[in-house]
1. Give, to the nearest whole percent, the P(r) tail of the chain beyond 17 angstrom, counting all Cα pairs.
2. Against the longest alpha carbon principal axis of the chain, how many degrees, from 0 to 90 and to the nearest 10, is the axis of helix 36-48 turned?
3. Expressed as a rounded percentage, what relative contact order does the chain have, with Cα pairs under 8 Å and six or more residues apart?
4. When 7, 23, 29 are ordered from fewest to most other Cβ atoms inside 10 Å of their Cβ, what list results?
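Here, each number is a calculation from the coordinates, and none is a lab measurement. Just so it is clear, the structure is predicted and the values come from calculations on it, not from any experiment. No Cβ is skipped: glycine too gets one built from the backbone with ideal geometry, and neighbour counts run over all protein chains shown.
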């Protein structure tokens, strides 16, 4: 998962995916939050839900 509004759209999508049982990866260098404070909380919420964070380079390396 990547996208804008870490603290809104990204968080909602990731949490919905986790509720449905999907393995969920967040591309840490492909997200941007609206507010630093709410973005930190959003990352904590996604981690608590079981999302895994990785960089785009880590993803590319895993696909090779």
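1. Numbers: 687 of 2016 pairs.
Value for the chain: 34 percent of Cα pairs lie more than 17 Å apart.
2. The answer is roughly 60 degrees.
3. Numbers: 85 pairs, mean separation 25.7, N = 64.
Relative contact order for the chain comes out at 40 percent.
4. Numbers: 7 21, 23 9, 29 13.
So the ranking, lowest neighbour count to highest, is 23, 29, 7.
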